[in-house]
Structures are given as structure tokens and as C-alpha cells.
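Below is one structure, written out as C-alpha cells, with a few remarks after it.
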Amino acid sequence: MEYPVQITARNFQLTEAEEAELRRRAAKLEQFDPRISGCRIAVEAPVRHHRRGGPFKIRIDLKVPKGELAISHQSDEELMTAIREAFDAARRRLEDHVREVRGAVKSHEGPALARVARLFSDDGYGFLETPDGREIYFHRNSVLAPGFERLEVGSHVRFAEEEGEKGPQASTVTLAD
């Protein structure tokens, strides 16, 4: 690790294993941006807590070339879970920052156009086909008024695309006809 890591615990004492885990995870962030020049981590437990049990508050401040990234996370779980979740959030924020600096952030254009390719009405979902041939999942809850019941295979729609758990999915689907 090329940058200094400062760790502060408030209202309790970190064990050696917990501090080592914080340092290991801080070092791992360097994979996502090798230009990190400093890291401050503050772990706070509630006053009069019983060594385990939250809520734990973790703040990670990363010094990067174009400023500082501040990530705050609170978890009602045990401390190691809170550490993992906080560093997952830090990794995502750092990846976003790197994309912004590189200019690789997508511009926000208007809603995309597609047609309903497959529809599973009884199960409440379907797939859209975009003009470039991609299939995008959508759920009945993402269809705006007049609603899911008015959709048919072949209907033209406008939608916003986002990354779902299993790949791209459509949100805010509206009939274009």
C-alpha cells in the first residue's frame, strides 16, 4: 500500500483482527484507483454498547487527485459486517469517481425506445427489444400509467435503463403509442 491509513475508533477499542481487516480492505481499494494518496477511517459504536451489536457507523475518507471522497455507512449488524458493507460502498463510489474523471460517465439523454418482445402477464414481467437487438427485462411495477395491463407484444415503449441484479433492466416504462 502506497498511502497512509489512519484509523480511529470511538466509544470502543478495536481488536487487532478488526484493525487488520480495515487496513486490508483499505489496501484493496488501490486496485480501483492507484492514485489514492490517503485514507482516514472512523469507526463509531453507540455509547454504552456491549462490545458487539450496532449500530456501527463507519466513515471512510479517501484523498484522490481531484478532491476527497467521503463515504458514510451505518449498520445494525456486527462490526465485521459493517466493515464489509462500508468498503463495498467505498469501492462503488471510487469506481464512479474514476469513471467521472475519465469522462466515461454516460450522458443522460431522453428515454430510450423499444418494443415489447415477450410478455408474461400472469407472472408480471416481460422483455423489451431495443433497436440494437438487446433484450431488457422489466417488471410490472416499473410500468407507468396506463399500466402493465395495456401492454402487448409489439407495443412501442419508452424506458430508462438501469443495472439490475442480473443485468440490465428497464425502469419507468411508458407506452410510446
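Before moving on, here are some points about what is shown:
- In terms of the mean number of neighbouring beta-carbon atoms within 10 Å, the peptides 144-156, 124-136 order highest first as 124-136, 144-156.
- Helix 79-102 axis versus longest C-alpha principal axis of the chain: approximately 60°, rounded to the nearest ten.
- Restraint check, 28/57; 66/166; 57/166, Cα-Cα greater than 25 Å: 66/166; 57/166
- Note that the chain shows a convex hull volume over its alpha carbon atoms of 162 Å³ per residue.
- Computed from Cα atoms, the angle from the helix 16-28 axis to the main principal axis of the chain rounds to 50 degrees.
- Fraction of accessible area attributable to carbon and sulfur, the chain (%, probe 1.4 Å): 46
- Environment charge at residue 114 (Cβ cut-off 11 Å; Lys +1, Arg +1, Asp -1, Glu -1): -1
- Rolling a 1.4 Å probe over the heavy atoms of the protein chains gives the chain an accessible area of 62 Å² per residue.
- Between 70, 17, 27, the GNM of the chain built on Cα springs shorter than 10 angstrom shows 17 fluctuating the most.
- √(5λ) per eigenvalue of the Cα gyration tensor, segment 91-177, largest first, Å: 27, 14, 11
The values are calculated or read from the model by the stated rules, or taken from the named source; none is laboratory data. On a predicted model such as this, the values are computed, not experimentally measured, just so you know. Positions of Cβ are backbone-derived with ideal geometry, glycine not excepted, and every protein chain shown enters the neighbour counts. We work out accessible area using only protein heavy atoms, side chains counted, and drop any ligands, DNA or RNA first. Shrake-Rupley method; radii C 1.70, N 1.55, O 1.52, S 1.80 Å.
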